[in-house]
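J.: Dumping the structure here so I can ask a few things about it.
The values are calculated or read from the model by the stated rules, or taken from the named source; none is laboratory data. Only a predicted model underlies this, so the values are computations on that prediction, with no experimental measurement involved. Here the Cβ positions follow ideal geometry from the backbone for every residue, glycine too, while neighbour counts run over all protein chains shown.
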Amino acid sequence: MTALGFLYPGHAAEDDYPRIEQLLGSDIRVELVHTDIGEDARRADTLRGAGSPERLAAGLEELRLAGAEAVVWACTSGSFVHGWEGAHEQVRGLALAAGMPASSTSFGFVHALREIEVRRVAVGATYPDDIARLFADFLRAGGAEVTAVHGAGIATAAEAGAWGERELFALARAADSPDAEAVLLPNTALHTVAHIPALEKELGKPVLTANQVTAWQCLRLTDRRVNAPELGALFTREPVVQV
């Protein structure tokens, strides 16, 4: 049994995680602890505050007691808003406080792109334009080429959490560009897990979403590989054979 630990900001799309657990199989357990986000606003200052060391540390004891083997800060904007170096510092501090491997959703996107061997991407973000551009900058720092950025202008996690299938597909279509090899949909407040195969079929390319890559990143930290086609192309690649 492998226990995956997640620190999830507030309440929005956390019900994606029981679905992920179901799709991953019986020997994977998902442990999720909610963190305090303070003000629910997609601004750089409030997002930096949501991922402060004090707020993240508050949930770690519960994850340790649950037997988590790794922890991921399940927030995209609350990590990339610190910039490339600042986000590294954030997860280093989290790992030290947790006493286990740690990462964040933002780094999950970067590593997932390397996993599926994709460089050119389009971004469909629920965020305001200025926050969406910060995510694009983060991806570029990680080696990606961002061909298009579409921001939907949503100012709160609560609004994003209320989106349904229609809004999600409209966002993905608006973001896609012909030269993009994959479409990225950040924001762990957005319900996506039930729709990834359909999104990939419609767009004809891999779709990476925040809660999906968060789970994959935590599995990566525990050296687990799980074949789960219902979680999209990211979960269907064969392990690389080292010669």
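J.: Among the residues of segment 166-201, how many are free of Cβ contacts under 8 Å to residues at least 40 places away in the same chain, out of contact with any Ser or Thr (no Cβ under 9 Å at 6 or more places or on another chain) and either in a loop (DSSP other than H, G, I, E, B) or of a type in the set (Phe, Trp, Tyr) (or both)?
T.: Matching residues across segment 166-201 total 1.
One line per residue, one yes/no per condition, for (1) at pLDDT 95 or above; (2) surrounded by 15 or more Cβ atoms within 10 Å (Cβ to Cβ); (3) in contact with a Cys (Cβ under 6 Å, 6 or more places away or on another chain); (4) under 26 Å from residue 38 (Cα atoms):
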position	(1), (2), (3), (4)
148	yes, yes, no, no
153	no, no, no, yes
156	no, yes, no, yes
166	yes, no, no, no
169	yes, yes, no, no
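J.: Filter segment 80-103 down to residues that are of a type in the set (S, T, N, Q) and touching a residue at least 40 places away in the same chain (Cβ under 8 Å), then give me how many there are.
T.: Residues that pass the stated criteria total 1.
Yes or no, residue by residue, for (1) buried (at least 24 other Cβ atoms within 10 Å of the Cβ); (2) on the phi > 0 side of the Ramachandran plot; (3) of a type in the set (Val, Ile, Thr):
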{"residue": "183", "(1), (2), (3)": "yes, no, yes"}
{"residue": "187", "(1), (2), (3)": "yes, yes, no"}
{"residue": "194", "(1), (2), (3)": "no, no, no"}
{"residue": "198", "(1), (2), (3)": "no, no, no"}
{"residue": "214", "(1), (2), (3)": "yes, no, yes"}
{"residue": "219", "(1), (2), (3)": "no, no, no"}
{"residue": "223", "(1), (2), (3)": "no, yes, no"}
{"residue": "233", "(1), (2), (3)": "no, no, no"}
{"residue": "236", "(1), (2), (3)": "no, no, yes"}
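J.: Here's a follow-up. So if I check each of 104, 77, 26, which one is farther than 21 Å from residue 223 by Cβ and of a type outside the set (D, E, K, R)?
T.: Step by step, each of 104, 77, 26 is checked, and only 77 is farther than 21 Å from residue 223 by Cβ and of a type outside the set (D, E, K, R).
J.: Please state which one of 141, 136 is hydrophobic (A, V, I, L, M, F, W, C), within 25 Å of residue 220 (Cβ to Cβ) and surrounded by fewer than 18 Cβ atoms within 10 Å (Cβ to Cβ).
T.: Only one candidate qualifies: 141.
J.: Quick check on my filter: what residues within segment 12-56 are of a type outside the set (D, E, K, R), within 20 Å of residue 125 (Cβ to Cβ) and within 16 Å of the chain's Cα centre (by Cα)?
T.: 12, 13, 47, 50, 51
J.: Could you please give the count of residues in segment 47-82 that are surrounded by 24 or more Cβ atoms within 10 Å (Cβ to Cβ) and in contact with a helix residue (DSSP H, G or I) (Cβ under 7 Å, 6 or more places away or on another chain)?
T.: 16
J.: A further question on this structure: Exactly one of these conditions fails for residue 204: (1) touching a residue at least 24 places away in the same chain (Cβ under 8 Å); (2) surrounded by fewer than 24 Cβ atoms within 10 Å (Cβ to Cβ); (3) small (Gly, Ala, Ser). Give me its number.
T.: Going through (1) touching a residue at least 24 places away in the same chain (Cβ under 8 Å); (2) surrounded by fewer than 24 Cβ atoms within 10 Å (Cβ to Cβ); (3) small (Gly, Ala, Ser) one by one, residue 204 breaks only (1).
J.: Among the residues in segment 213-223, are any in contact with a Phe, Trp or Tyr (Cβ under 6 Å, 6 or more places away or on another chain), among the β-branched types (Val, Ile, Thr), closer than 28 Å to residue 98 by Cα and touching a residue at least 60 places away in the same chain (Cβ under 8 Å)?
T.: yes
J.: Next question, about the same structure. Taking segment 83-128 as the search range and keeping residues that are in a loop (DSSP other than H, G, I, E, B) and surrounded by fewer than 23 Cβ atoms within 10 Å (Cβ to Cβ), which one is farthest from the chain's Cα centre (by Cα)?
T.: Applying the filter and picking the extreme gives 99.
J.: OK, next. Provide a single number: the residues in segment 1-23 that are touching a strand residue (DSSP E or B) at 6+ places or on another chain (Cβ under 8 Å) and outside any loop (DSSP other than H, G, I, E, B).
T.: Going through segment 1-23 one residue at a time, the tally reaches 12.
J.: Something else about it: For segment 65-76, indicate whether the set of residues that are outside any helix (DSSP H, G or I) and of a type in the set (D, E, K, R) is non-empty.
T.: Looking for residues that are outside any helix (DSSP H, G or I) and of a type in the set (D, E, K, R), one finds at least one in segment 65-76, hence yes.
J.: For segment 31-53, enumerate the residues that are at pLDDT below 90 and charged (D, E, K, R).
T.: Correct list: 36, 39, 40, 42, 43, 45, 48.
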